[in-house]
Amino acid sequence: MRISARADYAVRAALQLAASPDAGPLKAEAIAEAQDIPHKFLEGILNDMRRGGLVLSRRGGNGGYRLARPAGSISIADVIRAVDGPLVSVRGVRPPDLSYTGPAQSLLPLWIALRSNVREILEGVSLADVASSQLPPDVSALTDTPGAWANP
């Protein structure tokens, strides 16, 4: 699985909003600077997140962006889907829409299992979890498995 720069930036921006001490609106420039995200790129991401119902925006001197719901009710999966679409696809196609023949036939259940595991992790972790450095125990445990931090 590959996490796009767009998804990474979106999650980081959402976390910046989740960590805002007064929950007031943050300007895109402040988010971009705090997370080292190109400002123009971030504007497009925030617009996608607004259209996806994850952030609210307000214009004017006291304007900016804030989360549309409590950080505990927004999963990392919600953010990624808002800016990148489905969590797992093969050549841009969702796994249930694929079909294989012959020796490749068992690829479909493999892609479905992969999607199921990705969903379980990303839907099970909220912005509040990450912002507070309190990942769910089952997710934290995965980081302790042998080879988790190694690149084969």
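The values are calculated or read from the model by the stated rules, or taken from the named source; none is laboratory data. Everything quoted here is computed from the prediction, not taken from an experiment. All Cβ positions, glycine included, derive from the backbone under ideal geometry; neighbour counts span all protein chains shown. Ligands, DNA and RNA are stripped out before the accessible areas are found, and what is left, the full protein with its side chains, is counted by its heavy atoms. Shrake-Rupley method; radii C 1.70, N 1.55, O 1.52, S 1.80 Å.
Each of the peptides 29-41, 117-129 was scored by the mean count of other Cβ atoms within 10 Å over its residues; in descending order, highest first, they stand as 117-129, 29-41.
Multiplying the residue separation of VAL139 and ALA5 by 0.36 nm and removing their Cα-Cα distance gives an extension gain of 46.0 nm. Taking the charge dipole of the range 94-152 about its Cα centre, with +1 at Lys and Arg Cβ atoms and -1 at Asp and Glu Cβ atoms, the residue from SER133, PRO152, ILE112 reaching farthest to the positive side is ILE112. Averaged over its residues, the chain has an accessible area of 61 Å² per residue, based on protein heavy atoms and a 1.4 Å probe.
By accessible area, using a 1.4 Å probe on protein heavy atoms only, the chain has 53% of its surface on carbon and sulfur.
The mean sequence separation of alpha-carbon pairs under 8 Å and at least six residues apart, normalised by the residue count of the range 1-76, gives a relative contact order of 31 percent.
The Cβ shell under 11 Å around ALA82 holds other residues with a net charge of +1, Lys and Arg each +1, Asp and Glu each -1.
Counted by Cβ distance under 12 Å from ARG66, the other residues give a net charge of +3, where Lys and Arg count +1 and Asp and Glu count -1.
For the range 75-122, a/c is not less than 1.5, where a ≥ b ≥ c are the root eigenvalues of the C-alpha gyration tensor, and a/b does not top b/c. That puts it in the oblate class. Applying the Karplus relation 6.51 cos²θ - 1.76 cosθ + 1.60 with θ = phi - 60° to the range 125-141 yields 3J(HN,Hα) values of 10, 9, 4, 4, 4, 5, 4, 9, 6, 10, 5, x, x, 5, 6, 4, 4 Hz, where x marks Gly and Pro.
In loop segments of the range 67-118 as defined by DSSP, the trypsin sites (Lys or Arg not before Pro) with at most 13 further C-beta atoms inside 10 Å of their C-beta are ARG91. Relative to the longest principal Cα axis of the chain, at what angle does helix 5-18 sit, 0 to 90 degrees, rounded to 10? Relative to the chain, helix 5-18 is tipped by roughly 50 degrees.
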